[in-house]
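As structure tokens, the structure follows; a few thoughts come after it.
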């Protein structure tokens with residue numbers, strides 16, 4: 001097929017260039033996932049955040065997506081896909097600046113939320129764009145487009161890993177976590193240069209004469225779409241929830257969580273690149289069934305695996321399981337509910353991110369806090385916290401700046417509060433871990449800082465792994481639903497894509 005096609009006004013649509021620009025925009029979106037995963041631990045230490053607060057920051061970076069996609073996605077034909085992608089540029093820059101200049105939890109939270117708005121605009125514009133550019137190859141090309149989600153995570157993850165392993169702590173007055181956030185802006189500028197002056201098509205739904213109201217009717221009153229909507233919440237939770245926590249959880253176990261995340265992303269990119277061959281051999285509903293089985297088994301295995309080799313093997317099964325979930329769900333909706341157009345695709349993206357951002361990621365943080373606390377031996381942990389309260393004031397004089405002195409005062413105050421509450425024999429759940437995080441932040445290379453880390457890491461690892469097991473149970477529901485859809489397709493002669501008539 002020709003790479004350039006004529007638009008409604010005889011202007012030339014540079015299909016391949018628009019596809020490349022879309023992929024570059026998705027790299028920017030994906031890098032936010034890698035960067036936020038990498039900086040979660042430094043944010044917890046610098047701002048003394050609980051796992052729950054960190055979960056809300058990570059979650060905001062997702063649930064802002066459905067807000068923007070629900071607002072702008074259905075208006076894709078009215079406002080134009082190019083306008084949405086230009087607006088995304090503004091939100092990317094604004095969100096990064098908010099987080100880089102953050103002074104407290106709320107600035108971090110709203111910065112992550114603004115970045116999420118940018119991510120939603122990219123997804124809201126590019127999914128219908130790809131479906132419109134390639135109407136006869138939707139599942140294949142949506143998988144090809146979404147190659148660059150794990151691809152962007154690989155790029156972002158390698159940048160973060162390089163900075164961490166080479167001891168890049170500050171540059172040009174910025175801390176390493178701030179530098180990592182600024183790296184997101186590189187692909188943003190690149191996609192702006194590639195595509196934002198080009199001519200964009202109108203959506204396939206608009207080209208076919210399906211009215212705006214008809215799009216809503218077709219989407220909201222089709223039982224199949226409503227089922228896909230619910231399933232998207234579960235598939236996104238299985239895929240994105242654990243990936244947001246993998247770096248910080250596995251780091252606590254002595255294995256580089258960022259390398260595991262990069263490995264996951266490399267496998268996902270390779271698998272999605274071969275989506276055309278997979279679709280030709282196995283129906284999309286069959287792909288979803290296989291994905292549900294492998295993702296559940298892989299995540300459960302990852303929650304128990306010991307040692308680097310077994311962790312990477314378990315993660316390989318998990319990665320192969322989740323790699324086709326998101327784009328294949330979009331492709332099935334585009335092919336089986338084609339009159340739903342951009343609204344159907346927007347609602348699926350919103351469903352996945354609402355579930356993950358507002359429920360799954362914060363829930364995993366809450367589970368990690370609760371079960372991780374069980375790993376603290378009361379007497380031994382109380383003794384460590386007593387040492388923190390006794391020794392940190394003496395180290396305050398050597399603090400390099402006022403910010404660090406303030407952090408020491410806050411940690412000592414929190415430690416004394418924990419000791420007062422522990423007189424009854426029980427350690428308060430969230431404050432106990434935060435005292436240890438504070439000691440690690442304030443004096444990481446001192447004896448008490450190392451002791452605090454040795455006390456905290458087993459709890460972080462156990463709590464995080466327990467949260468993986470909770471999420472793996474969702475795969476059982478997906479196996480039942482996708483199994484029924486696949487068997488239904490087999491009974492009626494196989495999977496069939498529908499055309500707009």
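The values are calculated or read from the model by the stated rules, or taken from the named source; none is laboratory data. These numbers were taken from a predicted model, which means no experiment stands behind them. With ideal geometry, Cβ positions are generated from the backbone for all residues, glycine too; neighbour counts draw on all protein chains shown.
Points to keep in mind about this one:
- Checked against (1) surrounded by fewer than 18 Cβ atoms within 10 Å (Cβ to Cβ); (2) under 22 Å from residue 154 (Cα atoms), residue 271 passes all but a single condition, namely (1).
- Members of segment 481-501 found to be within 19 Å of residue 290 (Cβ to Cβ) and in a loop (DSSP other than H, G, I, E, B), listed by number: 494, 495
- Yes/no for residue 200 being under 29 Å from the mean Cα position of the chain (by Cα), in contact (Cβ under 8 Å) with a residue 40 or more places away in the chain and part of a loop (DSSP other than H, G, I, E, B): yes
- Any chance residue 250 is assigned to a helix (DSSP H, G or I) and surrounded by fewer than 19 Cβ atoms within 10 Å (Cβ to Cβ): no
- Failed item, numbered, when residue 194 is tested on (1) over 28 Å from residue 322 (Cβ atoms); (2) without any contact (Cβ under 8 Å) to a residue 40 or more places away in the chain; (3) assigned to a helix (DSSP H, G or I): (2)
- Some residue of segment 208-224 being free of Cβ contacts under 8 Å to residues at least 60 places away in the same chain, under 25 Å from the mean Cα position of the chain (by Cα), surrounded by fewer than 14 Cβ atoms within 10 Å (Cβ to Cβ) and not in a helix (DSSP H, G or I): no
- Residue 181 assigned by TED's automatic domain parsing to the domain that holds residue 90, out of contact with any helix residue (DSSP H, G or I) (no Cβ under 6 Å at 6 or more places or on another chain), modelled with pLDDT of 85 or more and over 30 Å from residue 337 (Cβ atoms): no
- Restricting 447, 422 to residues that are over 30 Å from residue 226 (Cα atoms), modelled with pLDDT under 95, assigned by TED's automatic domain parsing to the domain that holds residue 385 and crowded, with 16+ Cβ neighbours inside 10 Å narrows the list to 422.
- Residue within segment 190-204 that is farther than 20 Å from residue 76 by Cβ and in contact with a strand residue (DSSP E or B) (Cβ under 9 Å, 6 or more places away or on another chain) present: no
- Taken together, the residues in segment 352-373 that are touching a helix residue (DSSP H, G or I) at 6+ places or on another chain (Cβ under 6 Å) and either at pLDDT 90 or above or more than 22 Å from residue 220 (Cβ to Cβ) (or both) amount to 14.
- Taken over segment 160-177, the criterion of being part of a helix (DSSP H, G or I) and either free of Cβ contacts under 8 Å to residues at least 60 places away in the same chain or surrounded by fewer than 20 Cβ atoms within 10 Å (Cβ to Cβ) (or both) is satisfied by 161, 162, 163, 164, 165, 176.
- Any hit, segment 135-157, residues being part of a helix (DSSP H, G or I), in contact with a strand residue (DSSP E or B) (Cβ under 7 Å, 6 or more places away or on another chain) and modelled with pLDDT of 90 or more: no
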